[in-house]
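Down below is the structure, laid out as structure tokens.
The values are calculated or read from the model by the stated rules, or taken from the named source; none is laboratory data. Not measured: the values here are computed from a predicted model. Virtual Cβ from ideal backbone geometry, glycine too; neighbours counted across all protein chains shown. The area values use the complete protein model at the heavy-atom level, side chains included, leaving out ligands, DNA and RNA. Shrake-Rupley method; radii C 1.70, N 1.55, O 1.52, S 1.80 Å.
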Amino acid sequence: MDADGWNARYDTTELVWSGEPNLFLPPEVEDLQPGRALDLACGEGRNAIWLATQGWDVTGVDFSSVGIAKAERLAAERGVQGTWIVGDATTWEPPAADFDLVVLFYLQLPAAGRRAAIRTAIRALAPDGTFLLVAHDLLNLTEGHGGPQDAAVLTTAEAVVDDLAAASLEVGGELVIERAGRVDRVARTDDGDRNAIDTMVRAHRMDVTPVSILDAEDSV
Ligand SMILES: C[S@@+](CC[C@H](N)C(=O)[O-])C[C@H]1O[C@@H](n2cnc3c(N)ncnc32)[C@H](O)[C@@H]1O
């Protein structure tokens, strides 16, 4: 769906997604020291806003101006600050690689778009920073509930890890994959609870602070 399509979808007084963070976010970031966080394809801002309540300095980027306006409103209602940017995740230029956390939740794009968005994420990631992706998994099409029904926009952990390898080659720096696989999520429906299958990939960018000449000499 293009930005106009998402704008039309978000053009309601109600939230399309819940105002609460995705269930996988809190446990995945609980061991991290709050710093600067980027939520790429932030939608109505639920994940970025929750991060802000935990002390993170958040930036949300989404190509839907209606989604971004709702994120701004929700942040104000919750009494937190954020920087909200209308931008395309596949082409947006991060001002610097200074985000300690970059999250990418349920951005379901065909392979080339996904690879470009992951490159953007890694370009924004500071040394020692964490990247976290959650998305509807390809297996969900046949064995899970909900999500897009087009295989071309569904992910696998292997494809995301390949995209991360390509991004780190291009951007530089070393990425360590901390987890890559499938996770199950309960989807509540009118007909009862169903199982939804997501891809989750978490990676850490190594801190490659060069050893200074002075340090090197000192250590001889
Ligand atoms: C399923 S929603 C997920 C929103 C949010 N990440 C969340 O978990 O609540 C997908 C979001 O991706 C955004 N999106 C799709 N393609 C995009 C692109 N190329 N650049 C930026 N945002 C995009 C849509 O506007 C929408 O907000």
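Rounded to the nearest 500, what is the 222 nm mean residue ellipticity of the chain from helices alone, with -39500 (n - 2.57) per DSSP H run of 4+ residues and division by all residues?
Calculated from helices alone, the mean residue ellipticity at 222 nm is -9500 deg cm²/dmol.
What residue among A111, A97, A196 has its Cα farthest toward the positive end of the dipole of the chain, where the charges are +1 on Lys, Arg and -1 on Asp, Glu, each on the Cβ?
Of the listed residues, the answer is A196.
What are the ³J(HN,Hα) values, in whole Hz, obtained from phi via the Karplus relation 6.51 cos²θ - 1.76 cosθ + 1.60 with θ = phi - 60°, for each residue of segment 81-98 in sequence order, with x given for Gly and Pro?
9, x, 10, 10, 10, 7, x, 8, 4, 7, 10, 4, 9, x, x, 7, 8, 10
If every alpha-carbon in segment 1-141 counts as one equal scatterer, what log10 I(q)/I(0) does Debye give at q = 0.12 1/Å?
Once normalised to I(0) and log-transformed, intensities are -0.43.
Which whole-Hz ³J(HN,Hα) couplings does segment 129-141 yield from phi under the Karplus relation 6.51 cos²θ - 1.76 cosθ + 1.60, θ = phi - 60°, glycine and proline marked x?
x, 10, 10, 9, 10, 10, 7, 5, 7, 4, 5, 4, 4
Once the piece of chain linking E20 and V176 is laid out straight, how much longer is it, given 0.36 nm per residue of separation minus the C-alpha distance between them?
On the way: separation 156, 0.36 × 156 = 56.16 nm, distance 2.90 nm.
Between E20 and V176, full extension yields an extra 53.3 nm.
Quick check: residue separation of D88 and Q54 times 0.36 nm, minus the Cα distance between them. What number comes out in nm?
Working: separation 34, 0.36 × 34 = 12.24 nm, distance 2.63 nm.
Value of the extension gain: 9.6 nm.
Please state the charge dipole magnitude for the chain, taken about the Cα centre, from unit charges on C-beta atoms (+1 on K and R, -1 on D and E), reported in debye and rounded to the nearest 20. Don't skip to the answer; put the middle values down first.
On the way: 17 positive and 37 negative charges, 82 e Å.
Dipole magnitude for the chain comes out near 400 debye.
Using the Cβ atoms and a cut-off under 12 Å, what net charge is assigned to the surroundings of M200, where Lys and Arg are +1 and Asp and Glu are -1? Don't skip to the end; give the middle numbers.
Values: positive: R179, R182, R185, R202; negative: E28, D137, E178, D184, D198.
Taking every other residue near M200 into account, the sum is -1.
In whole Hz, with x marking every Gly and Pro, tabulate ³J(HN,Hα) for segment 20-32 from phi via Karplus 6.51 cos²θ - 1.76 cosθ + 1.60, θ = phi - 60°.
In residue order, the calculated couplings are 9, x, 4, 4, 7, 5, x, x, 6, 10, 4, 8, 9 Hz.
Where does the charge balance sit around E44 when Lys and Arg score +1, Asp and Glu -1, over other residues with C-beta under 15 Å from its C-beta?
Details: positive: R9, R46, K70, R73, R78; negative: D11, E14, E20, D39, D62, E72, E77.
That works out to -2.
Test of understanding: extend the Cα→C-beta vector of A166 to 7 Å, then name every residue of segment 74-96 with backbone N under 14 Å from that spot.
Hits in segment 74-96 for A166 at 14 Å: 90-91.
In Å², and per residue, what accessible area does segment 73-220 have when probed at 1.4 Å with the other protein chains present? Intermediate results must be reported in sequence, preceding the final value.
On the way: 7730 Å² over 148 residues.
Per residue, segment 73-220 has 52 Å² of solvent-accessible surface.
What is segment 1-125's relative contact order, in percent, from Cα pairs under 8 angstrom and six or more apart in sequence?
Working: 220 pairs, mean separation 30.2, N = 125.
24 percent.
Collect residues whose amide H, placed 1.01 Å from N in the peptide plane, falls under 5 Å from the amide H of H145; neighbours closer than 5 in sequence don't count.
The list, which skips near neighbours in sequence, is N195, A196, I197.
In the chain, what percent of the accessible surface is made up of carbon and sulfur (1.4 Å probe, ligands and nucleic acids excluded)? Walk me through the numbers before you get to the answer.
Details: 5530 of 10960 Å².
In the chain, the share of accessible area belonging to carbon and sulfur is 50 percent.
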